[in-house]
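K.L.:
Structure in structure tokens, see below.
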Amino acid sequence: QAKRSGRGRYAIFDPELQRRIDHRVDIESKLRHALTVESELYIVFQPITDQHGNAFGCEVLVRWKHPRQGIVPTFEFIRIAEESGLIIPLSRWIINKTFKTLQSWKNRHIPLPAHVSINISALQLSEDEFVEDLIGLADIYDIAHNTIVLELTESGLLEDIDNTKRQLSLLRKTGFRIALDDFGTGYSSLSYLRDLPLDIIKIDRSFVIGLFQSGTREVVESIMVIGKHMHLEIIAEGTETIQQIDALTQMGCKKFQGFYFSPPLEEEDYLKWKFHPID
Ligand code: C2E
Ligand code: MG
Ligand code: MG
Ligand code: MG
């Protein structure tokens, strides 16, 4: 009898679920620590190019190397950071690091890229201080606002669209540019296009992967047409083959980011990349 109820009780705890919770808590506390030590986090730069592979800019992506666990996948710790609120100090760290790096390039007389994308989370936009802080940091590091592109993913935008709109307008008014990231994967991509003040659309990798399947191709062609009508720049992300780049070029796409030209690179490797401002 006791044994049976014991077993019955045990079944309430799903060991797999428990393992996931433990893992999450573990990552969260390690990330909290990483934010205080400065040595585990770093940023990498993925060139954004024309169809010939001439880079005019880059996207900044964060990396985390734990001393014992090694590289923690970015999508994994970003998700945990968003769920726990750690995304706020983490993003502040990333922006600070990016601006500091750009300033150091300037001091080395390296021409700055015309476009530097930084990912921001919807949670940051809900913080009143965000815009002010960003302007303050750009000031301190002497960064021209129009070189900075803030990338927002569609998922997460759902809440408080009015506030999002207000913050984005403010950012654009002071010269920053806004990109809608992972375009096409959200629940209301078209209403974001209609409602949000934007400069750039980044077509999600899933559309690039499906480019040669019927259906997807037509959708991508239509996105190109909409982008043109709305005077939005379009960047195709996750381009891995020359066939994809050729097909997208034929549809009018002029900007590419993906492994075909380059994976994300550490600073010194990025600086060796061929630069040809095209804007
Ligand atoms: P994302 O902003 O859409 O960034 C592009 C992701 O696609 C990067 O993964 C990049 O390494 C990967 N990628 C680029 N080209 C290719 C390709 O040709 N093939 C494939 N298979 N993948 C490609 P990563 O660095 O792991 O970042 C994943 C996501 O994590 C990002 O997606 C972004 O949403 C988020 N993230 C990364 N860094 C930051 C950050 O600094 N702040 C915030 N808030 N989010 C970040
Ligand atoms: Mg992005
Ligand atoms: Mg993206
Ligand atoms: Mg993506």
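K.L.:
In the stretch 204-263, what residues are on the phi > 0 side of the Ramachandran plot, away from ligand 4 (no atom under 16 Å from the Cβ) and touching a helix residue (DSSP H, G or I) at 6+ places or on another chain (Cβ under 6 Å)?
P.N.:
Matches in the stretch 204-263: Gly252 only.
K.L.:
Still on this structure: May I ask you to list the residues in the stretch 24-38 that are open to solvent by 10 Å² or more (accessible area, probe 1.4 Å), over 20 Å from the mean Cα position of the chain (by Cα) and aliphatic (A, V, I, L, M)?
P.N.:
Result: Val25, Val37.
K.L.:
Since Gln103 meets every condition but one in (1) loosely packed, with under 14 Cβ neighbours inside 10 Å; (2) farther than 30 Å from Ser29 by Cα, which condition does it not meet?
P.N.:
(1)
K.L.:
List pairs: first in the stretch 109-124 and under 16 Å from Tyr270 (Cα atoms), second within 15 Å of ligand 3 (Cβ to nearest atom) and at pLDDT below 95, Cβ under 6 Å, 6+ apart or cross-chain?
P.N.:
Between residues of the stretch 109-124 that are under 16 Å from Tyr270 (Cα atoms) and residues that are within 15 Å of ligand 3 (Cβ to nearest atom) and at pLDDT below 95, there is no close pair.
K.L.:
Separate question: Which pairs do you get when a residue that is farther than 14 Å from Leu125 by Cα and of a type in the set (A, V, I, L, M, F, W, C), found in the stretch 82-100, comes within reach of a residue that is assigned to a helix (DSSP H, G or I) and open to solvent by 50 Å² or more (accessible area, probe 1.4 Å), reach meaning Cβ atoms under 7 angstrom, with the pair 6+ apart or on two chains?
P.N.:
Leu86/Arg32
K.L.:
Now a separate question. Take the residues of the stretch 219-239 that are in contact (Cβ under 8 Å) with a residue 24 or more places away in the chain and not hydrophobic (A, V, I, L, M, F, W, C): which is farthest from Leu193 (Cα to Cα)?
P.N.:
Thr239
Residue-wise test of (1) at pLDDT below 95; (2) within 18 Å of Lys173 (Cα to Cα).
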{"position": "Pro67", "(1), (2)": "yes, no"}
{"position": "Ile80", "(1), (2)": "yes, no"}
{"position": "Asp128", "(1), (2)": "yes, yes"}
{"position": "Gly136", "(1), (2)": "no, yes"}
{"position": "Val149", "(1), (2)": "no, yes"}
{"position": "Leu158", "(1), (2)": "yes, no"}
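K.L.:
When the residues of the stretch 249-268 are narrowed to those that are without any contact (Cβ under 8 Å) to a residue 60 or more places away in the chain and assigned to a helix (DSSP H, G or I), which ends up farthest from the chain's Cα centre (by Cα)?
P.N.:
Gln250
K.L.:
Among the numbered conditions (1) loosely packed, with under 14 Cβ neighbours inside 10 Å; (2) out of contact with any strand residue (DSSP E or B) (no Cβ under 9 Å at 6 or more places or on another chain); (3) not basic (Lys, Arg), tell me where Met230 comes up short.
P.N.:
(2)
K.L.:
Just checking, how many residues over the stretch 145-173 are closer than 22 Å to Gly57 by Cβ and open to solvent by less than 50 Å² (accessible area, probe 1.4 Å)?
P.N.:
Qualifying residue count for the region: 11.
K.L.:
Of the residues that sit in the stretch 233-266 and are acidic (Asp, Glu) and open to solvent by less than 60 Å² (accessible area, probe 1.4 Å), which one is nearest to Gln46 (Cα to Cα)?
P.N.:
As a first pass, look at the stretch 233-266 and keep what is acidic (Asp, Glu): 233, 237, 240, 246, 266.
Cutting the leftovers down to open to solvent by less than 60 Å² (accessible area, probe 1.4 Å) gives us 233, 237.
Working: Glu233: 18, Glu237: 11 Å.
Filtering the stretch 233-266 for residues that are acidic (Asp, Glu) and open to solvent by less than 60 Å² (accessible area, probe 1.4 Å), the one nearest to Gln46 (Cα to Cα) comes out as Glu237.
The values are calculated or read from the model by the stated rules, or taken from the named source; none is laboratory data. A quick note: this is a predicted structure, and the numbers were derived from the prediction, not measured. When we count neighbours, we look across all protein chains shown, and the Cβ atoms used for this are built from the backbone with ideal geometry, even at glycine. The protein model used for the area step is the full one, side chains on, heavy atoms only, and it has no ligands, DNA or RNA in it. Shrake-Rupley method; radii C 1.70, N 1.55, O 1.52, S 1.80 Å.
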